[in-house]
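*Asks:* Mind looking over this structure? Questions follow.
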Amino acid sequence: MDALKQRIQKDGKILNGDILKVDSFLNHQIDVAFLNDIGAAFKERFKDCEVTKILTIEASGIAVGYATSQFFNNCPIVFAKKGSASNMSEDAYHAPLHSYTRGADFVISVSKKYLSKDDKILIVDDFLANGEALKALLSVVRQAGCQLVGCGIVIEKAYQPGGDMIRKQGVRVESLARIAAMSVENGIEFC
């Protein structure tokens, strides 16, 4: 998606520690019109799929899921919660997750009542780097016995192992922008 690449070049900030900060339009302050374009791009990529639910992870994935849902007949969005909450049912699917950006380990949870064997799931998220969040979401889909149609990623750091690791499992991963290399000194190079 050329518009996304241009926006990353214009507004993205590369930080030490291999972090790309795109919080001015994607995951802190949200450019709603631009996010709708992202949702439309996912519809174009997965137009051959019947999607009954979108699965994502809190918090940054929720806006991406919302924007994408409108192009799939406003299907429900289910988001995995990080950690435990007093209002979370014990009847849930769980999967471990290590967050590189937060430097912490979590267990994600999704209530069993929101996923069924009849669901055709599209996973969406804002970033794919080492693949930890995607691995956890895939575990939830497998536990629930849902049919996975694929994974839509806004930005993939293709030089990190996550995308290749997930694709080698036979999972369809469609990334709207794939970064081949990134550094404070040299900027961003796309695949």
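*Asks:* Report the residue count in the range 127-143 for those that are surrounded by fewer than 20 Cβ atoms within 10 Å (Cβ to Cβ) and part of a helix (DSSP H, G or I).
*Replies:* Qualifying residue count, the range 127-143: 5.
*Asks:* Looking at the range 64-86, can you tell me whether even one residue there is under 18 Å from Ala129 (Cα atoms), outside any loop (DSSP other than H, G, I, E, B) and touching a residue at least 60 places away in the same chain (Cβ under 8 Å)? Don't jump to the end; show me each part of the working.
*Replies:* Going through the range 64-86, the residues under 18 Å from Ala129 (Cα atoms) turn out to be 64.
This time we only want the ones that are outside any loop (DSSP other than H, G, I, E, B), so: 64.
With touching a residue at least 60 places away in the same chain (Cβ under 8 Å) added as a condition, the list becomes 64.
Checked the range 64-86: at least one residue is under 18 Å from Ala129 (Cα atoms), outside any loop (DSSP other than H, G, I, E, B) and touching a residue at least 60 places away in the same chain (Cβ under 8 Å).
*Asks:* Among the residues of the range 19-40, which ones are among the polar types (S, T, N, Q) and part of a loop (DSSP other than H, G, I, E, B)?
*Replies:* Of the residues in the range 19-40, the ones among the polar types (S, T, N, Q) are 24, 27, 29, 36.
Answer for the range 19-40, where residues must be among the polar types (S, T, N, Q) and part of a loop (DSSP other than H, G, I, E, B): Ser24, Asn27, Gln29.
*Asks:* While we're on this one: For the range 107-126, what are the residues that are out of contact with any helix residue (DSSP H, G or I) (no Cβ under 8 Å at 6 or more places or on another chain) and not in a helix (DSSP H, G or I)?
*Replies:* Here is the first cut: in the range 107-126, the residues out of contact with any helix residue (DSSP H, G or I) (no Cβ under 8 Å at 6 or more places or on another chain) are 107, 109, 111, 113-114, 118, 120.
Selection gives Val107, Ser109, Ser111, Asp118, Lys120.
*Asks:* Let me ask something additional. Assess whether Leu138 counts as being within 26 Å of Glu50 (Cβ to Cβ) and in contact with a helix residue (DSSP H, G or I) (Cβ under 6 Å, 6 or more places away or on another chain). Quick ask: steps written out before the conclusion?
*Replies:* Working: within 26 Å of Glu50 (Cβ to Cβ): yes; in contact with a helix residue (DSSP H, G or I) (Cβ under 6 Å, 6 or more places away or on another chain): no.
Spelling it out, it is not the case that Leu138 is within 26 Å of Glu50 (Cβ to Cβ) and in contact with a helix residue (DSSP H, G or I) (Cβ under 6 Å, 6 or more places away or on another chain).
*Asks:* Scan the range 154-174 residue by residue and report those that are under 13 Å from the mean Cα position of the chain (by Cα) and of a type in the set (Asp, Glu).
*Replies:* Glu156, Glu174, listed by residue number.
*Asks:* Continuing with the same structure: Kindly establish whether Glu174 is surrounded by fewer than 19 Cβ atoms within 10 Å (Cβ to Cβ) and either modelled with pLDDT of 95 or more or not in a loop (DSSP other than H, G, I, E, B) (or both). Show your work before the answer.
*Replies:* Details: surrounded by fewer than 19 Cβ atoms within 10 Å (Cβ to Cβ): yes; either modelled with pLDDT of 95 or more or not in a loop (DSSP other than H, G, I, E, B) (or both): yes.
Yes: the conditions hold for Glu174.
*Asks:* If you check Leu138, Leu115, which single one turns out to be within 14 Å of the chain's Cα centre (by Cα) and not polar (S, T, N, Q)?
*Replies:* Working: Leu115 fails: within 14 Å of the chain's Cα centre (by Cα).
So the residue among Leu138, Leu115 that is within 14 Å of the chain's Cα centre (by Cα) and not polar (S, T, N, Q) is Leu138.
*Asks:* Starting from residues that are small (Gly, Ala, Ser) and modelled with pLDDT of 95 or more, keep the ones in the range 30-72 and report whichever is farthest from Val149 (Cα to Cα).
*Replies:* Only one residue fits best here, namely Ala33.
*Asks:* Sort out which residues of the range 19-63 are surrounded by fewer than 18 Cβ atoms within 10 Å (Cβ to Cβ), in contact with a strand residue (DSSP E or B) (Cβ under 9 Å, 6 or more places away or on another chain) and of a type in the set (Gly, Ala, Ser), and write them in order of number.
*Replies:* Result: Ser24, Ala59.
*Asks:* Now, a different point. Of all residues in the range 1-18 being in a loop (DSSP other than H, G, I, E, B) and buried (at least 17 other Cβ atoms within 10 Å of the Cβ), which is modelled with the lowest pLDDT? Let's see the steps before the verdict.
*Replies:* Going through the range 1-18, the residues in a loop (DSSP other than H, G, I, E, B) turn out to be 1, 12, 16-18.
With buried (at least 17 other Cβ atoms within 10 Å of the Cβ) added as a condition, the list becomes 1, 12.
Details: Met1: 91, Gly12: 94.
Result: Met1.
*Asks:* State yes or no: is Asp105 of a type in the set (Asp, Glu) and in contact with a strand residue (DSSP E or B) (Cβ under 7 Å, 6 or more places away or on another chain)?
*Replies:* On the way: of a type in the set (Asp, Glu): yes; in contact with a strand residue (DSSP E or B) (Cβ under 7 Å, 6 or more places away or on another chain): yes.
In short, yes.
The values are calculated or read from the model by the stated rules, or taken from the named source; none is laboratory data. Keep in mind that this is a model prediction, so the values were computed, not measured. Quick reminder, even Gly has a Cβ in these numbers, built from the backbone with ideal geometry, and neighbours come from all protein chains shown.
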